[in-house]
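Read the structure below first, then the notes.
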Amino acid sequence: MKGKARKALVVGGGMAGLEAALKIGQAGHEVILVEKEANLGGTALLLSSTFPKWQDPLEKLNLKLEQLKKLPAVEVYTNTEISSCTPNGSGYSLTLRNNLTGEETGVEAQAAVLATGFDYFDARKYGEYGYGTYPGVMISIEFEEMLREWKKGLKREKAPGAVAFIKCVGSRDRIKGYPYCSKICCMYTARQAGMFKELFPQASCYVFYMDYRAAGKDYEEFVRSVMEEKEVRYVRGRPAKVLPYGGKLMVRSEDTLMGVPIEVEVDLVVLAAAAVPKKETLELAKSFAAATNQHGFLEPVDGFTAKAGTRVFFAGGCGFPTDSAGAQQQGAAAAAEVIALFNQD
Ligand SMILES: Cc1cc2nc3c(=O)[nH]c(=O)nc-3n(C[C@H](O)[C@H](O)[C@H](O)COP(=O)(O)OP(=O)(O)OC[C@H]3O[C@@H](n4cnc5c(N)ncnc54)[C@H](O)[C@@H]3O)c2cc1C
Ligand code: SF4
């Protein structure tokens, strides 16, 4: 078998899956890239900008898509999911189903990379914040759409005069949410708040936080610049309640640094909902006999590499919340594992 071109399946066409597909394809192997949505790109398609350098997420994405087009051995199936997967000793026999046409295609792959991303915590579980009840309360990924439109110069007349961000909604909460820290929401909250102030310097902007975690290259400097240059007001405290207030919203909290209660009147409240495992990733994990942890994130079998089972690897947000750079690095690491496996076959 040595030296023979082999075929890998990559499930999910976000930054992690794209990187894995590119690297495996560039090593001379065939790749089947399966994406359930109409377009490749995943969450990057929804973002207005990226930390830590205020970059346009589409720049990097388009570069990857261009590189992918140059690799004829990478076959892309969009609007497609895996409808069956049977291990066959040397890999997997799979059926791919097109979600629009119902058409089914049988394929074989000798290894798989799962790169299906993460989901969002159901913020309705925090009834006190009014998500799903007050139209002015949303989660961060929904706020990205507003930022994208304002950035393009659209709907600016409807822009809010004041926004409050509430962090750690569903994270670090053993009772109503998940015990872990979602790792990226301190950073994207800072970016969203900073970008909002950049677009609307006269507006008020508050970030309610328990801690802020900015461990990464240039991350601390990024958050500091949002606080100091963009004049976003960080208030240490976990809000007790969001209340309707004469057509607006009132955020009631305590400023634990000052030791005083605080109430702010805003038009919008943005909740940094925890990143949680996707149910469909759990289903895929069962089909591919891939290991998961107690929450449902994919888990390395040897505690270090991207390997989740004999011939199955993973990358990006389906393993744990990560930033875009981390997702790409993990995509490359999973590809390296697949290439090493193919070299041994
Ligand atoms: C609000 C918000 C703001 C962010 N801002 C930043 C930022 O400024 N900078 C930064 O570095 N990071 C940021 N991130 C994080 C960044 O979005 C992630 O790191 C990145 O998207 C992870 O890439 P991924 O490929 O793992 O997942 P995704 O981008 O989610 O891609 C997963 C892909 O898999 C597909 N898929 C899922 N299930 C299936 C299935 N069963 N079959 C086929 N396809 C499937 C999905 O449709 C999707 O295309 C932000 C995240 C959020 C939520
Ligand atoms: S990254 Fe920040 S906002 Fe997100 S859970 Fe951790 S401490 Fe909370």
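The values are calculated or read from the model by the stated rules, or taken from the named source; none is laboratory data. The structure presented is a predicted model; accordingly, all values stated were derived computationally and were not measured. Virtual Cβ from ideal backbone geometry, glycine too; neighbours counted across all protein chains shown. Calculation scope for accessible area: heavy atoms of the full protein, side chains included, ligands and nucleic acids excluded. Shrake-Rupley method; radii C 1.70, N 1.55, O 1.52, S 1.80 Å.
A few remarks follow.
- Using a Gaussian network model of the chain in which every pair of alpha carbons under 10 angstrom is joined by a spring, one finds that among A115, A27, A190 the greatest mean-square fluctuation is at A27.
- Evaluating 6.51 cos²θ - 1.76 cosθ + 1.60 at θ = phi - 60° for every residue in region 187-196, the Karplus couplings come out as 6, 6, 5, 4, 5, 5, 5, x, 5, 4 Hz, glycine and proline recorded as x.
- Surface composition of region 121-275: carbon and sulfur make up 50 percent of the accessible area, probe 1.4 Å.
- Rounded percent of accessible protein surface that carbon and sulfur make up, region 15-58, 1.4 Å probe: 51
- Based on the reciprocal of the average 1/r between different C-alpha atoms, the Kirkwood radius for the chain equals 21.3 Å.
- Ranked by solvent-accessible area (1.4 Å probe, protein heavy atoms only, all chains present), the residues L33, L71 order from largest to smallest as L71, L33.
- Heavy-atom accessible area for T86, with the other protein chains in place and a 1.4 Å probe, reaches approximately 80 Å².
- Among the listed pairs K70/K307; K176/K278; K125/K151; K36/K151, those beyond 24 Å (Cα-Cα): K70/K307; K125/K151; K36/K151
- Highest-MSF residue in the chain out of K158, K64, K230 [GNM, Cα springs under 10 Å]: K158
- Average accessible area per residue (Å²) across region 121-275 - probe 1.4 Å, nucleic acids and ligands excluded: 48
- Solvent exposure of E280, expressed as accessible area, is near 70 Å², computed with a probe of 1.4 Å over the protein chains only.
- Calculated from backbone phi, Karplus (6.51, -1.76, 1.60) coupling profile of region 248-255 in Hz, x at Gly/Pro: 10, 10, 10, 9, 10, 8, 10, 8
- Nonlocal amide H pairs with V207, under 5 Å, H built at 1.01 Å: F165, R233, Y234, V235
- Build a GNM of the chain with springs between Cα atoms under 10 Å apart, and of T256, T281, T101 the one that fluctuates most is T101.
- Within region 330-345, backbone nitrogen closer than 17 Å to the virtual label 7 Å beyond the Cα of T310 toward Cβ: 338, 341-345
- Cross-link pairs K167/K279; K53/K230; K197/K241; K183/K286; K158/K197 - those with Cα-Cα distance over 18 Å: K167/K279; K197/K241; K183/K286
- Computed E for S93/E149 - FRET, C-beta separation, R0 51 angstrom, nearest 0.05: 0.70
- Relative contact order of region 121-275, pairs being alpha-carbon contacts under 8 Å that are 6 or more residues apart, as %: 33
- Among Y188, F208, G177 the positive-end extreme of the charge dipole of region 168-212 (Cβ point charges): G177
- Solvent-accessible area of K286 with every protein chain in place, 1.4 Å probe, in Å² to the nearest 10: 150
- Cβ-placed point charges (K, R +1; D, E -1), dipole of the chain about Cα centre in debye, nearest 20: 200
- Accessible area per residue for region 1-101 is 48 Å², calculated with a 1.4 Å probe on protein heavy atoms, without ligands, DNA or RNA.
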